[in-house]
């Protein structure tokens, strides 16, 4: 089987490629991406521009993308696209998508990251809460997102017509694409557990070290403002709060090791890559764990502490951990076991392979 993965989102395709390589020796897999910019994940074909200013980056990115498409003469059984926004907005995207269609026995779109139908679901009030409003009002101070109009919207609609399958990576995208008969069941985020050995929290420590990864222009999206307000409500010297800012993946992993508790984000129904990586390392994670996620994954026991976009609620969950250190080991081991059982990249690769080969 020949598979081409295009695009990257927090290591999803890099980890999936590892899983496929581990489980399916007879599969020829190629990964083309920009490495998710500063995170710099591994890829076979580089679609990233030179980081020498915006103009140079854009020009060299366009060059890499055109070279990739023009040299795409090989046919693949499966071509999987991480997101509709995989090519520069300055390129004629429609012919590029159609070229991919012509080279794919099966063309697959993942539900991951922002896209038009994710925003459409928000506008149709299909979510009880979500990061959309905070992204608009706090991160970009606008009334509408770029996905809701113009080229990005048209590209997403066109791609939906061209693909054979839509695979949601979280229940939020399952909700957004529920209208389409092409939508498959939620597939877990693949996690490469190699190098992610658990460092269990020490209950004897006098302080509780809490970590939150901050991303520029995504503070509202992740609920960083609410998390900071929650921390300010806790007047207890035992709690030590750490933040990071746009770190490369390897440095981010090392900083995680020093913490016992990780607050992922406040506006999600389900844990994404950062939360899962933290759980794999034996951290207690506060994030999305709503009933929608539990049902989609077939879970009966919560693998992480569910939090709402509410400072009082987050503060109360942190105080429980401060006042009962025995909870730390319980949540940490439960989270690690969940990632091993559901997200190990080889097991996830098998699930993708079954879906790719289905009708």
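Relative protection proxy for 233-243, 80-90, from highest mean packing down: 80-90, 233-243 (other beta-carbon atoms within 10 angstrom).
Seen against the Cα atoms of the chain and their longest principal axis, helix 326-342 is set at about 20 degrees.
Length gained on full extension, residue 350 to residue 199: 51.6 nm, using 0.36 nm per residue less the C-alpha separation. Volume per residue for the chain equals 133 cubic angstrom (convex hull of Cα atoms).
Note on residue 141 and residue 1: their simple-model spin labels are 4.9 nm apart, each label 7 Å out from Cα toward Cβ.
Per the Debye formula on identical point scatterers at the alpha carbon atoms of region 1-72, with no solvent, log10 I(q)/I(0) at q = 0.15, 0.19, 0.23 Å⁻¹ is -0.52, -0.76, -0.99. In this simple spin-label approximation, residue 26 and residue 302 carry label points 7 Å from Cα along the Cα→Cβ vector, and these lie 4.6 nm apart. Angle of helix 54-70 to the longest C-alpha principal axis of the chain, folded into 0 to 90 degrees and rounded to 10: 50°. Between residue 258 and residue 56, the FRET efficiency estimated from the beta carbon spacing at R0 = 51 angstrom works out to 0.90. For region 214-297, pairs of C-alpha atoms spaced more than 18 angstrom apart make up 46 percent of the total. Once the mean of 1/r is taken over each pair of separate Cα atoms and inverted, region 39-107 shows a Kirkwood hydrodynamic radius of 13.1 Å. Once C-alpha pairs closer than 8 Å and six or more residues apart are averaged by separation and normalised to the residue number of the chain, the relative contact order reads 17 percent. Max-minus-min Cα coordinates of region 131-276 on each principal axis give 57, 38, 25 Å, with the largest extent listed first.
Sorting the segments 13-24, 165-176, 43-54, 145-156 by their mean number of nearby beta carbons within 10 angstrom, highest to lowest, gives 165-176, 13-24, 145-156, 43-54. Each of residue 123 and residue 310 was given a label point 7 Å from its Cα along the Cα-to-Cβ line. The distance between the two points is 3.0 nm.
Taking the longest Cα principal axis of the chain as reference, the axis of helix 345-356 is set at about 40 degrees.
Quick note: the coordinates plus some simple rules give every number you see, no bench work behind them. Note that the structure is predicted; figures quoted are calculated from it, not measured. Neighbour counts are summed over all protein chains in view; Cβ atoms, including those assigned to glycine, are modelled from backbone coordinates with ideal geometry.
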